[in-house]
Amino acid sequence: MFELVFQVLVYGVIIGAVYGLATMGLNLIWGVMRVVNFTHAELLTLGAYTAYWAWVLIGLNPIASIPLSALLGFVIGIFIFYIIIYRLLFSPDIHSTLVATFALGVALAELMKVLWTADYRGVPWALGVIKFSWFSIPITYVFTFISCILIIIIVYFILYRTYFGKSIRAVIWDSGAAAICGVNVKATLALGFALGSALAFIGGSLIVIYLPTGINPYMGHLYLLRCFVIAVVGGLGNPWGALAGGLVLGLLEQVSPIVLGYIPGVEPLSLTPFLSFLILIIVLLIMPEGILGRRR
Amino acid sequence: MSSRAVSKTIAVIIAVIVIIAIAAAAMVMMPPAPSPTPPPPPTSPITTPTSPTTPKTTPISPTPTEKIPSEIRIGVAIQLSGAQVVEGSASFMGIKCAVQWINDRGGVNFKGVKVPLKLIYYDCESKRDYAVKLVEKLITEDKVDIVIHPYASTVIMATAPITEKYKMFSVQFGGSSDALYQQGFKYMVSTHGFAILHYWSTPFTMIKEADPTAKKVAIVFKDDEWGRSLGESARTKAKNFGFEIVYDRAYPPDITDATPMLREIAALNPDILCVGSHYKDGYLIATQLRDLRINIKWVIAQVAVAKPEFGDGLGKWAVGFIGETTWEPECKWEIIAAREGKEYYGPTSDELVEYYYKLGGKGRPSAYTGYGAIAVLVAAKCIEVAQSLDSDKLIEAAKTLDFYCVKSRFKVDPENPAKQIGSINPVVQWQRGEGDKLVYAVIYPFEFATSKPIPMPKWEEKEGWPELKP
């Protein structure tokens, strides 16, 4: 029993860290500009494809392709911000960015299908396992976790030790006051969106390690729902809330099949998504701001 | 807006809805228009008439007024992209090979004349709703004579009502869910064995002989129609064979992490793991068994194992996985047909492989090539027996057939032609061959088996192996 609990916790933390990282971008964009970025799914997918093509064309493993994913994500994020988001940010209709990001997401998915077909692809990267007497963990999972920690430290450094990070936090807190204090809000918004996009790309590259054949133009939607749950549970607008929410969901996905398995007549794995959204509703009722969200 | 204007708007909307409802009801109640001589189809056909041969036929008296067509149009909506691209494309290759084989012999024998087959096909992109639209298009716009359904039970369950609506004779080759023959379809024949009737029997038979000590079975299956049928079949057959079922669970169709389930299974220490899967989820489970280093003596994974991609992707880690298949190049059903005194119709496996490469096939042809081929062969055989393209005559002809072809035996239940009862599934296993080669071995039926079954080597043992190449 102890071995099972230990394995569940370790796997839950690892996958939770990946989910959290994949959601940080969504949370950051919401925090900075109050935009629900429905393109997040396709940004994750593009990150996965970046890892795939880096593997196929230049032999880079998904971890090594993280800088490339980050750079591509950043550039595409700047592009999306200036072409679409900024034009609609101050629109009288508050739903225009929602609709625009949704439409852009669909367009990106279909473009990926045209470019790369809807065939399922994968990165068969395996380095063996680290084996204990009762437990084994793939080395690739360990690298993934270490990469997540490093990226989170880098994001922390950017947000808390740089002027840009200070301006992002100021805009999250109060964009009007930040402008009065001399913060270039437009540039901050653009860089915030780009950073969020880069994080989504990185999350996609890391998810590839868990999906031996699952890369396809529509894969992002499997994770978008998770990202929304994580963002709300952790605290909308707070990047660290995404990490907290990710850990909660990661552990939930590992623990709930075991717990639900004790209920007769229930298919535990199939019920896990239901449980995730039930938890979301409960959190919204008890703590509408999320675990680390701003108390009002 | 004033309340008067709102009322007017509502009234207009209601009127439009009523008009659409009346029009829809009228369309449903109107009988289908008779099909005239069809115009040329939009897609390129495969027709290469050459010197004819005379296959065995037992013709039924032809309808005097039925004209001999210049070509017999077979319509296919198939997965050439999307989630089921692997299965769909390989099946479509089999369809093309069989069409070419028949046309190279002049075509189908129809009232003393050889009539070539013409293939009209569309890519349904692995989308069920789109497949439904395409099948209807094939019938109503392209005016095909016979429809071959797409791959996969879930899709066929959507397209079969369309062919039934138009009373169109159709063949399904790629659906194994038992739900397919429980719907009362009158004009559809199945060439494929069904999960509950046919699957798991041959692997269990083989394991019983190879390892009488194997007792405990763990069953996992995809939570869709196909997977649930496989789960039920595994459950029933395991009990019939005297195994103890220690785990029996479904997993979501879009599963991305099977580790919680696999860890539970590992704790129960089963001798046999039965995985009722399609390719993506079967491959995921295989990789996660490897990642978790869970050693189980016998692992049978439906669909995934019987694909070249499984071995290509996993390499040495694939050794030991067992799968059921429906056709392999090594299958020589003509041997069994001769032994049983039954007719053998269509190309041999060697001939089918020849056509596969002639039509641009790469690598080893997968089982789905046989899936697609038998669909065309059965359609052609029904036409030759019925000597008609009338759906009622074709379905009656199908009920009388009992023959062997590349994909084992074709025989349907005369009371329920959607129920295939003759099919036999060969069993395959990935093995380590001489010279560190990865070998895809046929291990049952024994008449043409290429190797004996082996228990799955431990992951720790495989770690020390060099990389195996096919």
Quiz prompt | Phi-based couplings in Hz for segment B:291-308 (Karplus 6.51, -1.76, 1.60; Gly and Pro marked x) | solution = 5, 8, 6, 8, 9, 10, 4, 10, 10, 10, 10, 5, 6, 4, 5, 7, 9, x
Quiz item: Over all pairs of distinct alpha carbons, what does the Kirkwood formula give as the hydrodynamic radius of segment B:232-296, in Å?
Solution: 12.6 Å
Practice problem: Ignoring ligands, DNA and RNA and using a 1.4 Å probe, state the total buried accessible area between B and A in Å², rounded to the nearest 100. | Solution: 2700 Å²
Self-check item: Spatial extent of segment B:296-397: Rg and Dmax, with the Cα atoms as the point set, Å
Solution: 17.2, 53
Quiz item: So which residues in segment B:260-288 end up with at least 30 square angstrom less accessible surface once the other protein chains are there, compared with the chain by itself, probe 1.4 angstrom?
Solution: B:P260, B:R263, B:E264, B:K280, B:Y283
Quiz item: How far apart, in nm, are the 7 Å Cα→Cβ label points at A:C181 and A:V142?
Solution: 4.3 nm
Quiz item: Quick one: if the Förster radius is 45 Å, what FRET efficiency do B:K469 and A:V259 give, using the C-beta to C-beta distance and rounding to 0.05?
Solution: 0.55
Quiz item: Residues with amide H under 5 Å of B:L273's amide H, sequence separation 5 or more or different chain, H placed in the peptide plane at 1.01 Å from N; which?
Solution: B:A218, B:W298, B:V299, B:I300
Practice problem: Would you mind getting the accessible area per residue of segment A:10-218, heavy atoms of the protein chains only, 1.4 Å probe, in Å²? | Solution: 40 Å²
Exercise. Just reorder B:H192, A:H221, B:H198 by solvent-accessible area, largest first, 1.4 Å probe, all chains present.
Key: A:H221, B:H198, B:H192
Quiz item: Any idea what the dipole of segment A:10-218 comes to, in debye rounded to 20, about its Cα centre with Lys/Arg Cβ at +1 and Asp/Glu Cβ at -1?
Solution: 360 debye
Quiz item: Karplus couplings for segment B:202-218 from phi (6.51 cos²θ - 1.76 cosθ + 1.60, θ = phi - 60°), rounded to Hz, Gly and Pro as x?
Solution: 5, x, 5, 4, 5, 5, 4, 6, 7, 9, x, 7, 5, 10, 9, 10, 10
Exercise. Evaluate the distance, in nm, between pseudo-label points positioned 7 Å from the Cα of A:I281 and of B:K133 along their respective Cα→Cβ axes.
Key: 3.4 nm
Quiz item: Accessible surface of A:L206 in the full protein assembly, 1.4 angstrom probe, to the nearest 10 Å²?
Solution: 0 Å²
Exercise. Please work out the average accessible area per residue across chain B, using the 1.4 Å probe convention, and give it in Å².
Key: 38 Å²
Quiz item: Which whole-number percent of Cα pairs in segment A:10-218 have a distance greater than 28 Å?
Solution: 31 percent
Self-check item: Whichever lysines have a C-alpha closer than 16 Å to that of A:K166, once near sequence neighbours (fewer than 8 apart) are set aside
Solution: A:K186
Quiz item: What aspartates and glutamates could a cross-link reach from B:K393, if we take a straight Cα to Cα line under 19 Å and drop same-chain neighbours fewer than 8 places away?
Solution: B:E66, B:E71, B:D145, B:E164, B:E384, B:D402, B:D413, B:E415
Self-check item: Protein-only accessible surface order, largest first, of A:W55, A:W173 at 1.4 Å
Solution: A:W173, A:W55
Exercise. Could you tell me which of B:S81, B:A158, B:I335 has its Cα farthest along the dipole of chain B towards the positive end, charges placed at Cβ (Lys, Arg +1; Asp, Glu -1), taken about the Cα centre?
Key: B:A158
Quiz item: How much accessible surface area, in Å² rounded to 10, belongs to the heavy atoms of A:M287 with a 1.4 Å probe?
Solution: 60 Å²
Practice problem: Would you mind checking which residues have amide H under 5 Å from B:Y122's amide H? H placed 1.01 Å from N; only 5 or more apart, or other chain. | Solution: B:V76, B:A77, B:I78
Practice problem: Run the dipole for the protein assembly as shown about the Cα centre, Lys and Arg Cβ at +1, Asp and Glu Cβ at -1, nothing else charged, and hand back the magnitude in debye, nearest 20. | Solution: 1160 debye
Practice problem: For segment A:199-296, just run the numbers: alpha carbon Rg, then divide by 2.2 N^0.38 Å, N being how many residues it has. | Solution: 1.16
Quiz item: Going by the alpha-carbon gyration tensor, a ≥ b ≥ c the square roots of its eigenvalues, is chain B rounded (a/c under 1.5) or, if a/c is not under 1.5, prolate (a/b greater than b/c) versus oblate?
Solution: oblate
Quiz prompt | Exercise: per-residue mean of other protein chain Cβ atoms within 10 Å, A:254-263 | solution = 3
Quiz item: Given that compact globular proteins tend to follow 2.2 N^0.38 Å, what is the ratio of the alpha-carbon Rg of the protein assembly as shown to that value?
Solution: 1.06
Quiz item: Where Lys and Arg each count +1 and Asp and Glu each count -1, what net charge lies around B:Q100 among other residues with Cβ under 13 Å from its Cβ?
Solution: +1
Quiz item: Around B:K411, which amide H atoms from residues at least 5 apart in sequence, or from another chain, sit under 5 Å from its own amide H, with H modelled in the peptide plane?
Solution: B:I421, B:G422, B:S423
Quiz item: Which of the residues in segment A:96-129 show a loss of at least 10 Å² in accessible area from their chain by itself to the complete set of protein chains, at a probe of 1.4 Å?
Solution: A:K113, A:A118, A:D119, A:Y120, A:P124, A:A126, A:G128, A:V129
Exercise. Go through segment B:371-382 residue by residue and turn each phi into a ³J(HN,Hα) via Karplus (6.51, -1.76, 1.60, θ = phi - 60°); whole Hz please, and just put x for glycine and proline.
Key: 3, x, 4, 5, 4, 5, 5, 5, 4, 5, 5, 4
Self-check item: Reachable lysines, given that their alpha-carbon falls under 25 Å from the alpha-carbon of B:K215 and they are not under 8 places away in the same chain
Solution: B:K237, B:K239, B:K297, B:K452, B:K458, B:K462
Practice problem: Calculate what fraction, in whole %, of the accessible area of segment A:10-218 sits on carbon and sulfur atoms when a 1.4 Å probe is rolled over the protein chains. | Solution: 74 percent
Exercise. For B:M206, B:M93, give the ranking by accessible area with the largest first, probe 1.4 Å.
Key: B:M93, B:M206
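The values are calculated or read from the model by the stated rules, or taken from the named source; none is laboratory data. All values derive from a computational prediction rather than experimental measurement. With ideal geometry, Cβ positions are generated from the backbone for all residues, glycine too; neighbour counts draw on all protein chains shown. For the accessible areas, the whole protein counts, side chains as well, though only heavy atoms, and no ligand, DNA or RNA atoms are used. Shrake-Rupley method; radii C 1.70, N 1.55, O 1.52, S 1.80 Å.
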